[in-house]
1. What order, most packed first, do the peptides 86-92, 59-65 have when packing is the mean number of other Cβ atoms within 10 Å of each residue?
2. Straight-line reach from residue 74: which lysines have a Cα under 24 Å away, not including same-chain ones fewer than 8 places off?
Amino acid sequence: MNQAARRIGRTLALVLPVVLVLSGTLAVTRVPWAAPTAESQVLTASSDNASTVAKARAPHEVLRDKLLLELQEKNPGVALTHLQEATNGRPSLAQHCMAIARALGEAARKKYGERKAQSFARPVCDTAFAAGVQSH
């Protein structure tokens, strides 16, 4: 009797984790995580209790964050060039160009110091980048 109980216990110890992992994997693969349209998207169970609703970000905010990241990874000159290209490609971004260039100037000053940051200046959005570098 003791031998049989041990054998059953060992079998369960080997088989049960496999069954649990497979059933969990199959359950996750069957959930429609991303529906083709936003209206039919499945929400998590805790979404009813969410205190804030995520808003879609404005294009100029997305561009600013992308360029600030690019400034950190590459250099301010590359970010300024891409800012110019973006404003040329989407004229609606032109009204935000000075604010974005100023934010790039501030970030460049923090990363490179005032003198070196100024060396990356481009004639993008007037002198907003230089003003950002000069601001303290």
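FYI, it's all coordinate maths here, none of it is from the lab. These numbers come from a predicted model, not from an experiment. Positions of Cβ are generated from backbone atoms using ideal geometry, with glycine treated the same way; all protein chains shown enter the neighbour counts.
1. 59-65, 86-92
2. 66, 110, 111, 116
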